[in-house]
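Quick note: the coordinates plus some simple rules give every number you see, no bench work behind them. Worth saying up front: this structure is predicted, and the values here are computed from it rather than measured. So basically every Cβ, Gly included, is an ideal-geometry build from the backbone, and we count neighbours across all protein chains shown.
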Amino acid sequence: MRKVFLFLLIITNFNSVFSQTAETPSWAKETKEQKEKRFEWWTNDRFGMFIHWGIYALPARHEWIKHNEKIPDEKYQRYFDNFNPDMYNPKEWAKKAKDAGMKYAVLTTKHHDGFCLWDSKHTDYKATNTPCGKDLVKLFVDAFRAEGIRIGFYYSLIDWHHPHFPYDNLHPNKPKEAEEQAKANEKRDIKIYRKYMKDQLTEILSNYGQIDELFLDFSYPGENGKGHEDWDSEGLIKLIRSLQPQILIDDRADLKNTEWGWDYVTPEQSMPKEWPTENGKRVPWETCQTFSGSWGYYRDEHSWKSVHQLVLMLIETVSKGGNLLLNVGPTARGVFDDRANDRLEGIAKWMKFHDRSIYGCTQAPEEFKAPDNCLLTYNQKTKRLYLHVLEWPTFQSLSLPGYGGKIKYAQLLNDGSEIRYRTNNDNVTLTSLPVGRPDVEIPVIELILE
Ligand code: GLC
């Protein structure tokens, strides 16, 4: 008996070790250099626009409204029937993104409610069948590309409309009792839904040119949830990579314990304390954030972040080696509302003079410590260090312990004016800061290193 138990224990352990290190399938093999090449634009560009748009913009009470208010299909249909964003002009969106310094844009092609923004052959539940009548994805791609902005797609793994998406914990229309749910699910065949996802991904990754990022959303494995086996995530990733070999894929398909099933991690709605790691190694990361609490347009949500907080968020993200994907939720008329425009304009104003401290930048080398109330970013290619001064000093000076012998020149970034400094052994003291804080959201001092 004991022997059998021991044997079982070994087998179980072996299995879990095995799944931890799940061998890289041959189609996913690539060299370190190939992987770095795929990331090249992304680590340079750092800043993108997320766009959550769909028929949930009509109720204007969060993109999860179907779930939050347990709305049955028949009732949710009114948003489909009335979807008519008559002012949709993605050229305007693209211009605003570009002015704000955003270098890539990720659009929700389909969110959890299952509504598709493109003219999919595999469903009727799409923009072309609403009064809008347009392939919104096509127009978006053309407009953003024309501004030189890279294209990314968000695609929801979850689908609260598809008749073969089995009811689960999150499904807004799930029968109340477990037994009823199981019975109802007998008529739902996840194999059909899996094929639907593959067909749709094939469409969006074949018909719109080069797509640089794919944001699959999301997995919730375990009791009455869904994970990689439900989605056939391995099959999805294989398909995606075959259609767009250069694409970068997020980490929400529940393949975190493999090396090949994701490219970057996606913390959201908070700021990581430090550069995120997996198995002790720093990994590429992109944090997606909202202006307010909601991704989709939410008319009566008033907890909007200020321009200052958003600029700070961008700097802090880059200071920890990450990317920021900042979300806009356009209205049902198809425009960004005033609050969003105001924040984007504020960011644009700052980026116009300070984008050098963002693009191509990352966390500063260990030897440089940020002084109090400062954040550092670093450009490895140009060997420049960027000191973001959050609290402006009163006495025209700022000391930089440990910087002695490492600096060649210092200047304010907003006007390129020289900042003089004194070196004393290991320490540097900047001595000629203006008394008045430069009139920019967050002043930056550029230090040109030896
Ligand atoms: C969450 C939410 C979703 C949103 C996403 C953005 O997964 O479910 O509504 O699209 O975060 O990252």
In nm², the average projected area of the convex hull spanned by the Cα atoms of region 374-449 is 4.7 nm²
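Sort 69-79, 355-365 by the packing proxy (mean of other Cβ within 10 Å over each peptide's residues), most packed first. Each step should come with its number before you reach the end.
On the way: 69-79: 14.3, 355-365: 19.5.
Most protected by this proxy first, the peptides run 355-365, 69-79.
Do the alpha carbons of any pairs in Lys103/Lys134; Lys187/Lys238; Lys66/Lys126; Lys126/Lys174; Lys103/Lys273 sit beyond 19 Å of each other, and which pairs?
Lys103/Lys134; Lys187/Lys238; Lys126/Lys174; Lys103/Lys273
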Taking the chain and dividing mean pair separation by its residue count, relative contact order in percent (alpha carbons under 8 Å, at least six apart): 16 percent
In whole Hz and in residue order, list the ³J(HN,Hα) couplings for region 63-69 that follow from phi through the Karplus curve 6.51 cos²θ - 1.76 cosθ + 1.60, θ = phi - 60°; x for Gly and Pro. 6, 8, 4, 4, 6, 4, 9
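State the antiparallel share, in %, of DSSP beta bridges confined to the chain, rounding to the nearest 5. Walk me through the numbers before you get to the answer.
Details: 31 of 61 bridges.
Beta bridges within the chain, antiparallel portion: roughly 50 percent.
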Calculated from DSSP helices alone, with each H run of at least 4 adding -39500 (n - 2.57) and the total divided by the residues of the chain, [θ]222 nm to the nearest 500 comes to -9000 deg cm²/dmol
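May I ask you to order 326-335, 186-195, 48-57, 339-348 by the average number of other C-beta atoms within 10 Å around their residues, highest value first?
Values: 326-335: 21.2, 186-195: 13.4, 48-57: 25.8, 339-348: 18.0.
By packing density, highest mean first, the sequence is 48-57, 326-335, 339-348, 186-195.
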Looking only at Ser417, Ser306, Ser294, which one moves most when the chain is put into a Gaussian network model with springs between Cα atoms under 10 Å? Ser417
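Net charge around Trp392, counting only other residues with Cβ within less than 13 Å of its Cβ (Lys, Arg = +1; Asp, Glu = -1)? Walk me through the intermediate numbers first.
Working: positive: Arg437; negative: Asp372, Glu391, Asp439, Glu441.
The answer is -3.
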Where Lys and Arg each count +1 and Asp and Glu each count -1, what net charge lies around Tyr359 among other residues with Cβ under 14 Å from its Cβ? +4
So what's the angle, to the nearest 10 degrees on a 0 to 90 scale, between helix 190-204 and the longest Cα principal axis of the chain? 50 degrees
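Quick one: which of 390-403, 266-279 comes out on top by average Cβ neighbours within 10 Å, and what's the full order, highest first?
Working: 390-403: 15.0, 266-279: 12.6.
Listed from highest to lowest mean packing, they are 390-403, 266-279.
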